[in-house]
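*Asks:* For reference, the structure I am asking about is given below.
The values are calculated or read from the model by the stated rules, or taken from the named source; none is laboratory data. Values in this document were obtained by computation on a predicted structure and should not be read as measured data. Ideal geometry is used to build each Cβ from the backbone, glycine not excepted, and the neighbour counts take in all protein chains shown.
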Amino acid sequence: MKAIHVLVLVVIAAAIVATVYLPHEQEKTELKVVYAGSLVVPFGEIEKQFESTHPDVDVQMEGHGSIQAIRQVTDLHDGVDVVVVADETLIPDMMYDTHADWYVRFATNQMVIAYTDGSRYARKINDSNWYEILSRPDVTLGFSNPMLDACGYRTLMVTQLAEWHYDNQTIFDDLIAGNLAQPISVTMGDDGDGDTAIVFVPETLSPRTEKIVIRGGSVQLLALLDLGEIDYAFLYKSMAEQHGLRFLELPAEIDLSSPEYEDDYKKVTIQLGFQRFTSVGAKRECKPIFYGLTIPKNATSPELAAEFVEFVISEEGLGVLWDTKQPTVSPVADNPDKMPDMLRSVVVDEIDVFANSCGFGDVARNKRLITPAAPLSITRFNSAW
């Protein structure tokens, strides 16, 4: 019995020694990435692949509407390492010069009308009657809040452009303004080269009828479509494809996909009635859709953040985005002298462009864009997806 007791004590002592001297598992370094909600699928895959080559890193992904994503840095002062938005112009408008001083353009998209087989008139809707279908009293329509999300204010841009494209001056009111409790005013003008429109949006938006549903981010509309709680939603094409939704492609003149129509797009300006958030620029000039990313000046792990950005804009990273149905462009960046050295080596050729390249009068400035020495091919959208 005494021998057994001694043996037990020896085993316990050995366990204690092992606990003390065996190396503890190394604690992982956290990298916080705040991104536009429309990137939830591709950036989920980016996270997996980056962590597979950086086993000591835990990438913390957090999705928001693009304006809300930037506010995590500018107003809420969260410890964010990388910011990724669906509208590149938000970065200079909201973050320069206090919180950031460069950004990289790396992806694009187009606006579509998403729906399901169960949506009312799903078999009848087409690119010439969609606005008439959506205006029917028994049809419900969803879009994201333009105060929080780029897809939301782009919805207003698309519907205003549609009035000119289809020569129908009731589209915006029938689909949007006429169904809101708060008035949206549209000031029409002429820039000497055709009509212009300034759409003033009040800070608070709420539906006046059951026809429309507004959510904080476009990704929140997906479940409503799946559940049949809404018939249609204005979304990005990538989102519709990633989630297996049916969708109607709109003419390039109004879907914000084509730089060819930039002069037409910019005839619409959205004036957001922000009162609470001084960091948020009030004007949104309609532009082709480009995604942008940056590293905030107060990033917790700036060197690791640069490695993450380098992976995203590398051929491998852009391939991950493309494989998850997120269209990409060859990465370009402004203010290359402000970028981390390792990123400047990825994009090296300098291009001079003129003021207003960002699209906002509030941040008009001369920009220097840089493109890869060996540009990646720019493949936009594939109908086989």
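*Asks:* Please go through region 178-194 and give me each residue that is in contact with a strand residue (DSSP E or B) (Cβ under 6 Å, 6 or more places away or on another chain) and part of a strand (DSSP E or B), ordered by number.
*Replies:* Of everything in region 178-194, those that are in contact with a strand residue (DSSP E or B) (Cβ under 6 Å, 6 or more places away or on another chain) and part of a strand (DSSP E or B) turn out to be SER185, VAL186, THR187, MET188, GLY189.
*Asks:* Let me ask something additional. How many residues are free of Cβ contacts under 8 Å to residues at least 40 places away in the same chain and not basic (Lys, Arg) when one looks only at region 205-220?
*Replies:* Residues that pass the stated criteria total 3.
*Asks:* If we keep just the residues of region 184-217 that are within 21 Å of the chain's Cα centre (by Cα) and more than 23 Å from GLU163 (Cα to Cα), which is surrounded by the most Cβ atoms within 10 Å (Cβ to Cβ)?
*Replies:* GLY217
*Asks:* Residue pairs, Cβ under 7 Å, 6 or more apart or interchain, first in region 175-188 and without any contact (Cβ under 8 Å) to a residue 12 or more places away in the chain, second part of a loop (DSSP other than H, G, I, E, B). List them.
*Replies:* That search, which allows pairs on different chains as well, returns ALA177/ILE184.
*Asks:* With at pLDDT 85 or above and not assigned by TED's automatic domain parsing to the domain that holds HIS243 as the only criterion, which of PHE308, PHE381 stands out?
*Replies:* The match here is PHE308.
*Asks:* Continuing with the same structure: Only residues that are within 19 Å of ILE176 (Cβ to Cβ) and in contact with a helix residue (DSSP H, G or I) (Cβ under 8 Å, 6 or more places away or on another chain): list them for region 122-134, please.
*Replies:* Result: ILE125, TYR131, LEU134.
*Asks:* Separate question: Just give me the residues in region 83-108 being in contact with a Pro (Cβ under 6 Å, 6 or more places away or on another chain) and not aliphatic (A, V, I, L, M), in sequence order.
*Replies:* Answer for region 83-108, where residues must be in contact with a Pro (Cβ under 6 Å, 6 or more places away or on another chain) and not aliphatic (A, V, I, L, M): HIS99, PHE106, THR108.
*Asks:* Restricting to region 144-177, give me the number of residues that are part of a helix (DSSP H, G or I), among the hydroxyl-bearing types (Ser, Thr, Tyr) and farther than 19 Å from GLU249 by Cβ.
*Replies:* 1
*Asks:* Please give the strands (runs of 3 or more DSSP E) falling wholly within region 312-378 in which 1 or more residues are at pLDDT 90 or above and buried (at least 19 other Cβ atoms within 10 Å of the Cβ).
*Replies:* So the answer is 328-334.
*Asks:* Looking at (1) surrounded by fewer than 20 Cβ atoms within 10 Å (Cβ to Cβ); (2) assigned to a loop (DSSP other than H, G, I, E, B), can you tell me which one ILE230 breaks?
*Replies:* (1)
*Asks:* Condition (residue is in the same structural domain as ILE295 (by TED's automatic domain parsing) and farther than 21 Å from PRO331 by Cα) applied to region 125-134: is it met by at least one residue?
*Replies:* For region 125-134, residues in the same structural domain as ILE295 (by TED's automatic domain parsing) and farther than 21 Å from PRO331 by Cα: absent.
*Asks:* Only one residue in THR155, THR159, THR170 is in the same structural domain as TYR131 (by TED's automatic domain parsing) and either farther than 18 Å from LEU256 by Cα or among the hydrophobic types (A, V, I, L, M, F, W, C) (or both). Which one?
*Replies:* THR170
*Asks:* The conditions are (1) at negative phi; (2) surrounded by fewer than 22 Cβ atoms within 10 Å (Cβ to Cβ); (3) not aromatic (Phe, Trp, Tyr), and ALA240 fails exactly one of them. Which is it?
*Replies:* Just one mismatch for ALA240, condition (2).
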